[in-house]
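Here's the structure, in structure tokens; my notes come after.
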Amino acid sequence: MNNRIYRKPRPMMAANAADRYTTIIDTVAENLVALTYTVYKRKGAVIRESDAFPCVVIAPSEEGEELGIEALGGISEYIYSIRVYYIQEYARDLVYTDLDDRYKIRKEVFQIGQFPGSISPSRVMVKGIQPFSVNSNPNTVYNVTGFRVSYGFMEQGLV
């Protein structure tokens, strides 16, 4: 199954409404597609030779959910982290449009008001990932940069 988000979204199976990761990844992906980026949603941050470059890969972070703050009455904050990678074909020289793309992506993911009305994050944290080349080889054909983005949500439950 190809998880590519197309310019015109195609019908997909509805996700579980309680699944925060699906909501987060779908919302971020749709917002980046609106900025004309080619976006791939993946289970892990994997680059494929068949991807159209430059592109953005969005995947859940390896850390999984984290407990944020705990409040009285069984309400806790859970923090969901995702990775947002911007991948382009390798070039030895710095091109300032690359930095502009990184800025636009960061600006888009760092928004509290981007989710549907009933889902409002209690916090958004963005940590930049140092740019790297695939396989740690300076002569590889892909450059990757991106962010670890964490969204906190207050949830009712047993503590």
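Between the amide H of E155 and those of S76, E77, Y78, distances stay under 5 Å, these residues lying 5 or more places away or on another chain, with hydrogens modeled in the peptide plane. The distance between label points at E70 and D51 comes to 3.9 nm (points 7 Å beyond Cα on the Cα→Cβ vector).
Within the shell of other residues whose beta carbon sits under 10 angstrom from the beta carbon of V28, the net charge comes to -2, with Lys and Arg scored +1 and Asp and Glu -1. Taking amide H as placed 1.01 Å from N in the peptide plane, the amide H of R123 sits under 5 Å from that of G152, each at least 5 places away or on another chain.
Since every read-out is calculated from the coordinates, none of them should be taken as a lab result. Every value quoted in this text rests on a predicted model; they were computed, and no experiment measured them. Ideal geometry is used to build each Cβ from the backbone, glycine not excepted, and the neighbour counts take in all protein chains shown.
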